[in-house]
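To start, the structure under review is shown below, and the notes come after it.
The values are calculated or read from the model by the stated rules, or taken from the named source; none is laboratory data. Note that the structure is a prediction, hence the values are computed from the model and not measured. Note: ideal-geometry Cβ built from the backbone for every residue, glycine included; neighbour counts use all protein chains shown.
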Amino acid sequence: MSKRVVITGLGIWSCIGNNIQSVKENLEHGYTGIIYDCRRKNKLNSCLCGNVPTPESSNLVDRHWRIMMSEDSAYAYMAVSQALQHSNLTDEYRNKNGVGLVWGNDGNSHLAHAHRIMAKERNSYMLGVYQPIYTSMSKILLNSIFNLRGSSFNISAACASGAHAIGLGYFFIKNNIENVIVAGASMETNSFFAESFDVLGATSLRNSDPTHASRPFDRDRDGMVPSGGAAALVLEEYEHAKARGANIIAEVCGYGFSSNGIEDISAPSADAEYIAMKRALDDAGIKPEEVDYVNAHGTSTIAGDIEEAKALTRLFVPSSPSSLSSLSSPSSSSSLSSLSSLSRPFISSTKSMTGHENWMAGASEAVYSIIMMQNNFVAPNINLENVIDEAKYLNIARKTIYTPINTVLSNSSGMGGTNSALVFRKI
Amino acid sequence: MTKQEIIDKTNLFLVEEYEKQPEQLKPEARFREDLDLNSLDYMDLMVTVKRNFGIMPAPQEMNLVVTLGDFYDFIESKLNEPDTQTDEQQ
C-alpha cells in the first residue's frame, strides 16, 4: 500500500536569502539576487550571476571534511543543516535511525582544476588527495558529516537534478522503502559553468542592467543568468512524522518525468514537458483545474520559454486555439469564451529573481513554492513587460498576488531533454 | 637549510594549513594520535613537503614517520642525501 509523503524540514542557501524568512520576504517583494560580476569582464560575454554568499563554515565543519568541500558542498552543508534543524532530526535520532539522502548535482569545477594541475606538474601526487572531483562529492560529504545511513544516491540530470532527487526520494517513501529522506541539490556559482553556458550563447547579455536581465516569458528576453546555491527538504512518511511530533509543512503528492528523446540535446520539447506534468497530476490524482500555482521552469532562454508556454497552455488552457491545434482529436465543444479572462492557475518563474540555479533549481523552486503556499502568496514573474505569444493565454503573475494556495506544480527541465514535475499540497 | 629552519617551516604549515595549535607542536607529538592526521593527510603532506622543501618523499618513507620529531629528522636527512636535488637546485 502506498504511503503518504510529507515535508517536515526546509533549508535554503541562495542569492535571494540564506534562511526561510529572508527568502520569503524577497519572494514576496520581488527582489532580485542577480548582479554584474566584474571579475568576469573581458573573459565572458555575460558577466551576470546570482550573488550567493560564501558560507562561513570554518567553525562548523571539521577540517578533514572542509578541505574536501567543493563550493557547492559548502552551500549544501548550510542548507541541510537548516533542514535537519527545522525537522528536529537530531544527532541522536540520526545515529539511531537510517535517514536517507538523495542529492542532485551534475558536476563541479574541480575536475577542470585537477586537469590544470596535472598539465603543469605532470605528477599525480601534486593533485593532493582532497580534490573533490566526484560529481557526488556533496552527497559523499553530507552522508559523512550528518551520519545519514539510509539510501545514498546522487542524481545527475542537469538542470532537473534537484527535482528528480525530490521525486525519487518521494518514490522511496511512497513505496515503503524508507521513512525519512533528505532530498535536495546544490550548484556552484563560480565562473566555470557560466563559461560553458556562455559559449553556447545561452546567457543574457544585459550586462548593463542586471536586475532586468532574467525575464522569463518576456518578448525581449535574451538568455538565462547562471546562479546557484543549495536547497534541502526533509521528506518523511506521514504516520512516522505524526508519531514523532514533527512539524508537517506540506505533502508531496505527485511526481512525473519524461525525456525528449530527440536528436538536438539542447532543444526543449513541449510534448515531453506536457507528459511530465500530466504524469505528475495523474500520480497526485488531481485535475489541472485543481492546481492553484505553477512554478514554471522559465529560464528566460528563447526556445525554453516558448516550449514550456506551449506545454502549460495545452495542459491548463485546453480550449485555446493553440491547444486545440495540437490535439489529434480536438473537442469541438470547447468554448473560447473562457479565454476572455485568465484564471487559475497562477504561474510565475522565480528564475526572474534568482537566475537559473541549474542543478539546484528543482529543489530550490520546491522550497520557494512551499514558502508561497505556507504564506498564501504568488511571487511575481518580475521583468515581464510584453508576454510572448505562446504564453498569452497563461495567467502569469506580474506582481505579487495574495491568494490561498493549496496545490502547487513545480516544473524543471534539463539539458539532454530530462523533464520533471512535482506536485505539492497543503496539509 | 638548518634544523631550526626545517622546524619553523614545518610548524608554520601545520598551523596555517593543517589548523594545528602551536602548543600541540612538540617533537614527541604523534601524527595520528596527537595531531589527528589520518592516512589521507599523510598523502597530502607529501605535496606540502614538495611545496615547502622542494623534495618529494615516497609514500612508504612517509609511513615510517610517527612523531613530529621523526618528521623533522626525516626532512633533514632527505635534504642532506648526497644525490638529493631540490626544486631550487634544479
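Which one is farthest from the chain's Cα centre (by Cα), of the residues in region B:10-43 that are more than 13 Å from every other protein chain (Cβ to nearest Cβ) and in a helix (DSSP H, G or I)? Only one residue tops the list, namely B:23. Quick one: would you say residue B:57 is touching a strand residue (DSSP E or B) at 6+ places or on another chain (Cβ under 8 Å), over 22 Å from residue A:61 (Cβ atoms) and assigned to a loop (DSSP other than H, G, I, E, B)? So residue B:57 does not fit the description; no.
Screening region A:142-169 for residues that are aliphatic (A, V, I, L, M) and without any contact (Cβ under 8 Å) to a residue 60 or more places away in the chain and picking the one that is nearest to the other protein chains (Cβ to nearest Cβ) gives A:148. For residue A:238, indicate whether it is in contact with a Lys or Arg (Cβ under 6 Å, 6 or more places away or on another chain) and surrounded by fewer than 21 Cβ atoms within 10 Å (Cβ to Cβ). So residue A:238 passes the test. Figure legend. Inter-residue proximity from region A:266-279: first residues under 12 Å from residue A:420 (Cα atoms) and in contact (Cβ under 8 Å) with a residue 40 or more places away in the chain, second residues surrounded by 21 or more Cβ atoms within 10 Å (Cβ to Cβ) and of a type in the set (Asp, Glu), beta-carbon distance below 8 Å, spacing 6+ or different chains. Indicated pairs: A:273/A:307; A:273/A:308. Taking the criterion of being away from every other protein chain (no Cβ under 13 Å), of a type in the set (A, V, I, L, M, F, W, C) and under 15 Å from residue B:6 (Cβ atoms), the residues of region B:44-67 that qualify are B:53, B:65. Being within 14 Å of chain B (Cβ to nearest Cβ) and part of a helix (DSSP H, G or I) holds for only one residue in A:139, A:120, and it is A:120. For region A:170-191, indicate whether the set of residues that are more than 23 Å from residue A:258 (Cβ to Cβ), assigned to a helix (DSSP H, G or I), in contact with a Leu (Cβ under 9 Å, 6 or more places away or on another chain) and away from chain B (no Cβ under 14 Å) is non-empty. Yes - at least one qualifying residue is present in region A:170-191.
Within region A:73-92, being free of Cβ contacts under 8 Å to residues at least 40 places away in the same chain and either acidic (Asp, Glu) or not in a loop (DSSP other than H, G, I, E, B) (or both) holds for A:74, A:92. If you go through region A:54-72 one residue at a time, do you hit one that is surrounded by 22 or more Cβ atoms within 10 Å (Cβ to Cβ), of a type in the set (Phe, Trp, Tyr) and outside any loop (DSSP other than H, G, I, E, B)? For region A:54-72, residues surrounded by 22 or more Cβ atoms within 10 Å (Cβ to Cβ), of a type in the set (Phe, Trp, Tyr) and outside any loop (DSSP other than H, G, I, E, B): absent. In the set A:108, A:51, only one residue is closer than 20 Å to residue A:17 by Cα, in contact (Cβ under 8 Å) with a residue 12 or more places away in the chain and more than 14 Å from every other protein chain (Cβ to nearest Cβ); that residue is A:51.
Taking the criterion of being within 23 Å of the chain's Cα centre (by Cα) and modelled with pLDDT of 90 or more, the residues of region A:126-145 that qualify are A:135, A:136, A:137, A:138, A:139, A:140, A:141, A:142, A:143. With respect to being within 21 Å of residue A:131 (Cα to Cα) and buried (at least 16 other Cβ atoms within 10 Å of the Cβ), residue B:47 fits the description. Flag not set for residue A:40, criterion: surrounded by fewer than 22 Cβ atoms within 10 Å (Cβ to Cβ), modelled with pLDDT of 95 or more and touching a Leu at 6+ places or on another chain (Cβ under 9 Å).
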